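First up is the structure itself, then whatever we jot down about it.
The values are calculated or read from the model by the stated rules, or taken from the named source; none is laboratory data. Keep in mind the model is a prediction, meaning the values are calculated, not measured. Please note: Cβ atoms are built from the backbone with ideal geometry, for glycine as well, and neighbour counts cover all protein chains shown. With ligands, DNA and RNA removed, areas are computed over all heavy atoms of the protein, side chains included. Shrake-Rupley method; radii C 1.70, N 1.55, O 1.52, S 1.80 Å.
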Amino acid sequence: MKRPGSKLKHHLHFALIGGITAVLGVLTLTGARFDSSLLFLLEKIAISIILAVSLSLVVGFLGELSLGHAGFMCVGAYLGGKVSALLVPLLGNGPAAFLVSLAAGAGAAAVCGIGIGIPALRLRGDYLAIVTLAFGEIVKSLFQNSSPESFGGALGLDTPRYDKRYLFLFAFLLVLLTVMVVQNLIRSKHGRAITAIRDNEIAALSCGINVTKYKLLAFTLSAAFAGVAGVLYSYSNYTVQSLRFGYNYSIEILVMVVLGGMGSIPGAILSATLITFLDTQLAAILTGDLAVLQNLLYAAILIAIVIYNNAPALKGFRDKYNLAALAKKLRRSAPDPAAVRDDAAKWDVVPTKIDMDELLSVDIADRGHQEGGDDP
Amino acid sequence: MSGYILETKKLGISFGGLTAAQDVDLRIPKEGIYGLIGPNGAGKTTIFNLLTGVYQPTTGQVLLDGQDLTGLGPDKICRLGLARTFQNIRLFNNMTVVRNVMVGLQNRPEYACSVIESVLRLPRHRRVEGQMRQRAKDLLRIFGLEEDRNALACSLPYGKQRKLEIARALATDPKVLLLDEPAAGMNPHETEDLANTIRQIRDDFGMTILLIEHDMRFVADLCDQVTVLNFGTILAQGSTQTVLQDPAVIKAYIGG
């Protein structure tokens, strides 16, 4: 038996992003003009969501720690920016040049993803983290020391100026694409294979799963989307500076994934949005001498969130006041007329039970001791 | 063809100076239940790890249905038809029971579906997912786990976890099923129940089962033939009754 609305629940974040994109799209196309700082914020948020969702494929679902995500983005930003700088004089400053540079940036990052995926087959945990960290730094310094004619060197790569009115719409369409691909992959037999590798690699091998193939798949796909984010970045900013893509940025993306809950796509989307918003707001509020406080406050807020989510002392508080409990309360106050009254006789089809199987691969946390409902 | 479905020739492995298995000539005929017994540290699990490619043998060969498995990886060996369970249970703990079994079904040719088809949600993806779920449910029914199919694997009681691991191995459609101490930690009632399930698997699937077990009553009750290992070599091989009464075997177990 299927709880009504369970399907909607798992596509809620998708519908939400799609709805916002559609509304803003219609407004833009009918001539509404948004403040350029708002547009820039929206672009930044879209880039962060793409980065966080793509990284969660490797960190949350495959269970490998990668500290080089900004490196893949860097490759995408430079390659995409370069290709668009070459193409814009030929094709004009339209969607054609954008799509070609998008493909170039994603492709180049994907190739790097394969390159990092191969050592990932032999290294585990901390060792892999070090390799990916080194990869990010190498990429950064390669572009920094490139000749001014090729990739701009230390001054950064200048990218052509674009009509910024529509960029955020493209950005959000790409967010939808990323979420769709990652989510559909995870909720399929291939996603089951990837989560099986995370849960127990030896058991996965003993079930005949081609671990090599799936690790490479996850790394390559994740890198390709980081490349997409990079191309968006190069379009959103007028110069691409390699210094922007240091390990600090990789860790910032990792924080988005961890904070959203490992293996939760809606969580990654939410935390990417909040962190990006918080970051920009702090930068805007704290000016002058107070600017030094920005990182401090940012860190303090992150620590507070992590403590709130994990401290055993706060468990009682969390169990009492959270979204799940609130939803339960609301549901109880509006009883379902079709609910089975005879709990003792039909205990396994009581509709308040959570449909665990549907939940899998979307929300790893908090499913600990709930019992399952029936299969769809 | 030698007439044996699973056969090893002079199989051996040494870790540095320690020879954990040496000159093991295992011969397992088709269809039936076979035991691999021996005192602690005799090398039983090592043999399983050699058979399934978790360890690579230093010497010798493994043949499954005449096909040489030596040097292949564990995933390849599983796809060729040798599935196993583990002494210390290895389930996918963060997955539901039914999904654990579905992972086992992954490589069956009838459930083939490419990544592109899954990502684009093409009709084949939907059909394959439905069929896999149904097949997994059918397998769980054999083990009496159907009611638990939406529980997390780690939330199951110990005995059911052992059964789930067998169900998952069976889902890979093996020619030979290797069970590493399936009855460990079970009470007499659960053990009895498990023995019946293993017999049922043999009869329903025409399966060849090789199991490691310390519970001698369980072995005597279930196995047609046994192989006794001691210090990494075969001490005796033959029908269960004869081997269990062999003075050399009794001496190896009791010591002296």
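Numerical summary
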item: Separation of the residue A:318 and residue A:90 label points, Cα + 7 Å toward Cβ, nm; result: 5.4
item: Interface area, A with B, accessible, probe 1.4 Å, both sides summed, Å² nearest 100; result: 3400
item: Kirkwood Rh, angstrom, segment B:205-256 [1 / mean 1/r, Cα pairs]; result: 11.7
item: Summed side-chain charge close to residue B:10 - residues other than residue B:10 whose Cβ falls under 14 Å, Lys, Arg +1, Asp, Glu -1; result: -2
item: Shape category assigned to segment B:68-184 from the gyration tensor of Cα positions, a/c cut at 1.5; result: oblate
item: Inter-site label distance for residue B:196 and residue A:238 at 7 Å from Cα along Cβ, in nm; result: 8.1
item: Accessible area (Å², 1.4 Å probe, nearest 10) - residue A:280; result: 30
item: Residue among A:263, A:117, B:20 farthest towards the positive dipole end of the protein assembly as shown, charges placed on Cβ; result: A:263
item: Among A:62-74, B:196-208, the order from most to least packed when residues are scored by Cβ within 10 Å on average; result: A:62-74, B:196-208
item: Unit charges on C-beta of K, R, D, E only; dipole of the protein assembly as shown, Debye; result: 1200
item: Shielding by partners - mean other protein chain Cβ count within 10 Å, residues of B:113-121; result: 5
item: Rel. contact order, % - alpha carbon contacts under 8 angstrom, at least six apart, chain B; result: 27
item: Total formal charge among the other residues, if their Cβ is under 12 angstrom from that of residue A:185, Lys/Arg +1 and Asp/Glu -1; result: +3
item: Segment B:97-173 versus segment A:80-133: alpha-carbon centroid distance in Å; result: 36
item: Amide H within-cut-off set for residue B:84, under 5 Å, with H built and near neighbours excluded; result: B:178
item: Net charge contributed by nearby residues that have their C-beta within less than 15 Å of residue B:85 (K/R +1, D/E -1); result: +3
item: Separation of alpha-carbon centers, segment A:12-42 and segment A:278-330, rounded to whole Å; result: 26
item: Whole-Å semi-axes of the ellipsoid equivalent to segment A:201-279 (Cα gyration tensor, √5λ, descending); result: 29, 18, 11
item: Kirkwood estimate for chain B, i.e. one over the average of 1/r between Cα atoms, Å; result: 19.1
item: MRE, 222 nm, helices only [DSSP H, n ≥ 4, -39500 (n - 2.57), over the protein assembly as shown, to nearest 500]; result: -18000 deg cm²/dmol
item: Counting all C-alpha pairs of segment A:122-268, share separated by more than 24 Å (%); result: 46
item: Nearest-0.05 FRET efficiency for residue B:221 and residue B:56, computed from C-beta distance (R0 41 Å); result: 0.70
item: Percent of C-alpha pairs per 20 Å bin, the protein assembly as shown, short to long; result: 17, 43, 29, 10, 1
